[in-house]
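Quick note: the coordinates plus some simple rules give every number you see, no bench work behind them. From a predicted model like this one, the values you see are computed outputs, not experimental measurements. Cβ placement follows ideal geometry from the backbone for every residue including glycine, while neighbour counts extend to all protein chains displayed.
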Amino acid sequence: MSELLKVPTMADFMAEGKQPEILFWVGSAGSFDDRAKKITKAFVKILNKANVDFAVLGTEESCTGDVAKRAGNEFLFQMQAVTNIEILNAYEINKIVTCDPHSFNCLKNEYPSLGGQYEVLHHTQFINQLIAAGRLEGLNDTYKGKRITFHDPCYLGRANNEYDAPREVLQKTKATLTEMKRHKRTALCCGAGGAQMFKEPEKGDMDINVLRTEGALETNPDIIATGCPYCNTMMTDGVKAKEKESEVQVLDIAELIANAQGL
Amino acid sequence: MEYIPNILFAIVLFLGVGFFAKNVQKLIRNIKLGQDKDVSDNKSQRWKNMAMIALGQSKMVRRPISGFLHVVVYVGFIIINIEVLEIIIDGLLGTHRIGLSVLPQSVYGFLIGTFEVLACLVFISVIIFWIRRNVIKIARFWKSEMTSWPKNDGNYILYFEMVLMTLFLVMNATDLQFQALNSGNVISQFITPWFSGMSEGTLHVIERGAWWLHIVGILVFLNYLYYSKHLHILLAFPNTYYGKLQPKGQFNNLEAVTNEVKMMMDPNADPFAAPAEGAEDDVPAKFGASDVQDLNWVQLLNAYTCTECGRCTSECPANLTGKKLSPRKIMMDTRDRLEEVGKNIDANNGEFKDDGKQLLGDYITNEELWACTTCNACVEACPVSIDPLSIILEMRRYLVMEQSAAPVELNNMMTNIENNGAPWPYNQMDRLNWKDE
């Protein structure tokens, strides 16, 4: 399957003197984390299927610096940002799509005042546009009638007020969408944000991802849908902690759509 | 002799308003201890936010029960205060119910009738608030930061309101002339019978007593505000006006850092060059915040605006899972420390004398700061646009950039980013390997 993936780089485009429709910002998790890499590939399959002219930066991409900024290291963040902006601007990038809401927020909101101004979309927004434009047709019935609950990533939802795009995409799978008690504006964080992903939690009664997973399990889902590689890890661990991994799957929306396309 | 009540009233009014004005000055001075922040942009959006969020209570009603009760008390508070205007004029001129002589009786009756109904509704709402706090013991009112003064403060305010509403109704009920008009006494007519059998003279004394206690009570309450969490009834308006307009996920980029980074990236920059004339002033004393003076003035305004409702804390994932972090406590600590700094300045002839204390460590611990997931649930939950997250971030910046005091795992993560452009120790050259795996 993997040999079928077409993943051109910006350098390739440059060599041909062409400009892609979008730059796919893969992000560090999407590049290196084993679980997140599956999401990356699923999204690439969708892009290939929809004949989207896209490119990645490949080895020229570097961490956005988002996590350093949230940890308080503004210096490291801005070093990363300025370095990335130099490359993005050199390639005259206009439009960026990413599967990571943290990169999405950082590129969209925090890069502009440092000289990096791009149209930035989360992959659920872009997939939604592809479907609306008729570029991604023929979803099969893989998920018809399945119960899916969507976990809002903080940096897509509250941080950027995008609650509808992921839900609209999920609707297209003909699954039954159920909402957790805490959803949209009041969605509970998975526990990974603000650099928590990279450290042990402070002392407390329980882990945040377990509390969030309990909220998701209350809806009796077949699938917990996510739109963030970190949320995915946290919810997957939460489902394991609740010993429900044989009944409940945790999947990114890109994976759901790729599967429903038979990709 | 006949002017004694008028003079007495004028003195009471002058003292009440004057003392409050003095505290407002102090309040403004303390807020101005914060760093500058330019908030002159997007005026129309800011006015709109104030109209919707503060005046229109749009975020209060997201929780329907407390929201509805709050709207009742809020509307009651504003409208009943029109009555205070009459009381002040009467008090100064020695008139009695001046409204009756300037307004048609039907209009006056309608106004007072409205006030009475509202007073009754406020009274009921305040009782329900008290029950929610003290009988049902709703969790957010019983968190660890809500002991002693904050807990009592919340109840005192409710008692105050109960007493003020009672006095207003009793004042009307014992005013025989007013009752005789039988216009506007929609509630008080049912209270009048409680005083049956009393002589006209006694009733007059009660009426005067209620009248005086009502206005003195209002002045005392006004002056109580500065010492209480209740300042929100005034500060919610400027606070929602100056609240954040950018997407919640957008954290500010520190300009001082930008300058340094630009310098480092500029191949023509001379690292040994003497700073340009006056450039010295542009370099901040420190990165991030360890004390209240390092925060910006909007953050300090936030702290005074917080009424400790705890909606933030009740949505905080860290707090919900038993961590020490409570966004409400961040705001309460900021205000307490700011008050302490203000008193220090008062005691030292307008100069702050180092007291060996600071917000970080003496009030807010590292453990609280590192428990935050930056999820913005607290910011979203606040009915008056307070941003506890911005304070947490500013203090993390101090910990990391000034003290290198991040948890070890985070230091490892940041070292990885510096070395290989990812938070994990993978080779940058392997960044595209996924496509062939």
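What to note about this one:
- The mean number of partner chain beta-carbon atoms within 10 angstrom of a residue's beta-carbon across peptide A:75-84 is 6.
- Distance between the modelled labels on residue B:21 and residue B:196, one decimal in nanometres: 4.9 nm (7 Å Cα→Cβ projection).
- Kirkwood-Stokes translational diffusion coefficient of region B:1-157, alpha-carbon pairs, 10 °C, 1.306 mPa s, µm²/s: 80 µm²/s
- The mean number of Cβ atoms from other chains found within 10 Å of a Cβ in peptide A:202-212 is 5, as a whole number.
- Overall Cα dimensions of region B:290-368 - principal axes, largest extent first, Å: 45, 24, 18
- Cα Rg over Rh - chain B, Kirkwood: 1.08
- Region B:1-123: relative contact order as a whole-number percent, Cα under 8 Å and 6+ apart: 31 percent
- Mean Cβ count within 10 Å, highest first, over the residues of peptides B:57-63, A:122-128: A:122-128, B:57-63
- Only DSSP H runs of four or more residues enter the estimate; each adds -39500 (n - 2.57), and after division by the residues of chain B the mean residue ellipticity at 222 nm equals -18500 deg cm²/dmol.
- Note on the protein assembly as shown: Rg/Rh from Cα positions, Kirkwood definition for Rh, rounded to two decimals, is 1.06.
- Stretchable slack from residue B:205 to residue B:132, in nm (0.36 nm times residue separation minus alpha-carbon distance): 22.7 nm
- Mean partner shielding of peptide B:385-394, defined as the number of other chain Cβ atoms within 10 Å of each residue Cβ, is 1.
- Chain A - Cys residues lacking any other Cys C-beta under 4.7 Å: A:63, A:99, A:106
- Compactness relative to 2.2 N^0.38 Å, alpha carbon Rg of chain A: 0.98
- Rel. contact order, % - alpha carbon contacts under 8 angstrom, at least six apart, chain A: 20 percent
- Approximate shape of region A:138-260 as ellipsoid semi-axes (Cα gyration tensor, √5λ), whole Å, largest first: 24, 16, 12
- Region B:313-326 - phi-based ³J(HN,Hα) in whole Hz, Karplus 6.51/-1.76/1.60, Gly and Pro as x: 5, 6, 10, 6, x, 5, 5, 5, 10, x, 6, 6, 4, 9
- Sequence ranges B:252-261, B:372-381, B:317-326, A:158-167, ranked by mean other-Cβ count within 10 angstrom, highest first: B:372-381, B:317-326, A:158-167, B:252-261
- For region A:46-158, the Kirkwood radius over C-alpha pairs fed into Stokes-Einstein at 10 °C and 1.306 mPa s yields D = 100 µm² per second.
- Order by protection proxy (mean Cβ within 10 Å, highest first), peptides B:166-175, B:25-34: B:166-175, B:25-34
- Lysines whose Cα lies under 25 Å from that of residue A:45, excluding same-chain neighbours fewer than 8 positions away: A:6, A:18, A:37, A:95, A:108, A:144, A:146, A:172, A:174, B:435
- All lysines inside 24 Å of residue B:353 as judged from Cα atoms, apart from same-chain residues fewer than 8 positions distant: B:22, B:26, B:32, B:286, B:343
- Lysines with Cα under 24 Å of residue A:203, excluding same-chain neighbours fewer than 8 positions away: A:69, A:240, A:242, B:143, B:323, B:324, B:329
- The share of Cα pairs per 5 Å bin across region B:373-437, counted from zero up to the longest distance, runs 4, 15, 14, 15, 14, 13, 11, 9, 4, 1, 0 percent.
- By the Cβ rule of 4.7 Å, chain B holds the following cysteines without a possible disulfide partner: B:120, B:306, B:309, B:316, B:372, B:382.
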